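Just below is one structure, and these are the notes that go with it.
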Amino acid sequence: MTTNERIEANANLIKWCVHILGPDEVLAAPSHAAAVQRADELNRSIHERDHEPDDLLTFAYAAPWSYDDKSHGDELGKWDE
């Protein structure tokens, strides 16, 4: 197992989400790697818009899920929407 694989396996001992700072939304994620990837996609989408003001503090990042396991499972159903 590579170092990166060990890191991801260790990270996945907890539940993950994407936190979107600004609107303060969280999206339950199936894994740490998936949360990082979705956050990157959202950040590109947010900041490629020409009409967004530069001083608007909005960005997404992977974060540990801070709610219970049931709510993570319920929200995870929305991941591919």
- Query: Restricting the range 11-34 to residues that are exposed (fewer than 14 other Cβ atoms within 10 Å of the Cβ) and of a type in the set (D, E, K, R), which is modelled with the highest pLDDT?
  - Reply: GLU25
- Item | the range 16-43: number of residues that are within 17 Å of ASP68 (Cα to Cα) and out of contact with any strand residue (DSSP E or B) (no Cβ under 6 Å at 6 or more places or on another chain) | 3
- Item | strands (runs of 3 or more DSSP E) contained entirely in the chain, each with at least 3 residues that are touching a Ser or Thr at 6+ places or on another chain (Cβ under 8 Å) | 16-21
- Item | Selection count, the range 1-15, where residues are in contact with a strand residue (DSSP E or B) (Cβ under 8 Å, 6 or more places away or on another chain) and basic (Lys, Arg) | 1
- Task: Working only within the range 35-65, note down all residues that are at pLDDT 95 or above and loosely packed, with under 15 Cβ neighbours inside 10 Å.
- Result: GLN37, ASP40, GLU41, PRO64
- Query: Name the pairs: first residue in the range 1-25 and within 23 Å of LEU42 (Cα to Cα), second residue at pLDDT below 95 and β-branched (Val, Ile, Thr), Cβ to Cβ under 6 Å, at least 6 apart or on different chains?
  - Reply: GLY22/THR58
- Query: Looking only at the range 1-60, which residues are of a type in the set (Val, Ile, Thr) and farther than 16 Å from GLU75 by Cβ?
  - Reply: THR2, THR3, ILE7, VAL36, ILE46, THR58
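The values are calculated or read from the model by the stated rules, or taken from the named source; none is laboratory data. Source: prediction; values computed, not measured. All Cβ positions, even for glycine, are placed from backbone atoms using ideal geometry, and neighbour counts span all protein chains on display.
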